[in-house]
Amino acid sequence: MNTILRKSVLGIAGLAFTGGVFAGPVAAHAADTTHAAKPVSVTVQGDKLIPHGVQGTQSRIDLDDEQTANVKAIIAATKKAGMDERAAVVSIATALQESKLENLGHLGDRNDHDSQGLFQQRPSSGWGTVEQITDPEYSTTAFLKGLKQVDGWQDMPLTKAAQTVQVSAYPDHYAQWEQQAADLVAQHWNK
């Protein structure tokens with residue numbers, strides 16, 4: 001690997017790690033079960049789920065029944081939208097970053113503007129009503145509609161595709177969830 005590429009990869013890894021430690025709309029949650037894992041290339045998942053390999057240090061959380069149900073809802077909505085497993089990986093990684101896969105209502109003073117739901121979508125930004133964006137199927141479909149409008153999203157690193165839809169203040173933070181999102185899609189896609 002040439003020196004410039006290696007420095008770029010290490011720089012991105014540092015940003016992803018730093019971002020995972022300091023940001024995210026649910027950073028105010030007191031009990032965070034996030035733990036870091038080293039980047040792993042997945043032979044079984046191959047190019048379909050992680051076509052570019054993971055970027056930077058990966059984070060992982062243990063999921064409860066509600067979070068697992070939200071994973072399944074994202075996958076079902078992705079299939080219903082006629083999109084593939086990669087779209088589900090991007091969606092789940094985005095929801096992991098935005099809400100840790102919790103369907104969040106308004107968090108009061110800890111809220112990022114009027115962001116709610118799995119994807120922290122905002123009614124004031126046109127994502128839908130509060131009732132709509134706190135419905136996992138609706139919010140996923142809205143996210144996927146935005147993703148479909150991103151030219152070449154399939155060929156982009158996950159964090160760039162997610163950021164183009166979400167327009168987050170922390171654009172590099174989605175990358176840290178790619179491995180767990182791919183693992184979840186691999187586990188639940190055919191169920």
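The values are calculated or read from the model by the stated rules, or taken from the named source; none is laboratory data. None of the values given here were measured: they were computed from a predicted structure. Using ideal geometry, Cβ is built from the backbone for each residue, glycine included, and neighbour counts are taken over all protein chains shown. These accessible areas exclude ligands, DNA and RNA; they are computed on the full protein's heavy atoms, side chains included. Shrake-Rupley method; radii C 1.70, N 1.55, O 1.52, S 1.80 Å.
For segment 50-183, what size does the Cα cloud have along each of its three principal axes, sorted from largest down, in whole Å?
Rounded to whole Å, the extents work out to 37, 30, 28 Å.
Among 162, 144, 184, which residue has its Cα positioned farthest towards the positive end of the charge dipole of segment 118-191, with +1 placed on the Cβ of Lys and Arg, -1 on the Cβ of Asp and Glu, and the dipole taken about the Cα centre?
Positive-most Cα among the choices belongs to 144.
Please work out how much length the chain gains when fully extended from residue 137 to residue 80, using 0.36 nm per residue of separation minus the C-alpha to C-alpha distance, in nm with one decimal. Intermediate values should be presented prior to the final figure.
Values: separation 57, 0.36 × 57 = 20.52 nm, distance 0.95 nm.
Answer, rounded to one decimal: 19.6 nm.
Based on the Cβ-Cβ distance of residue 64 and residue 191, what FRET efficiency does E = 1/(1 + (r/R0)^6) give at R0 = 22 Å, to the nearest 0.05? Numbers along the way, then the final one.
On the way: r = 18 Å, r/R0 = 0.81.
It comes to 0.80.
What residues have an amide H closer than 5 Å to that of residue 104, excluding those fewer than 5 places away on the same chain, when H is modeled at 1.01 Å from N in the peptide plane?
Result for residue 104 returns 117, 118.
Report the charge-dipole magnitude of segment 41-191 in Debye, nearest 20, computed about the Cα centre from +1 at each Lys and Arg Cβ and -1 at each Asp and Glu Cβ.
380 debye
Take the solvent-accessible surface of the protein heavy atoms, probe 1.4 Å, and return the percent of it on segment 92-191 that carbon and sulfur atoms account for.
Numbers: 1980 of 4300 Å².
Taking all protein chains in place, segment 92-191 shows 46 percent carbon and sulfur surface.
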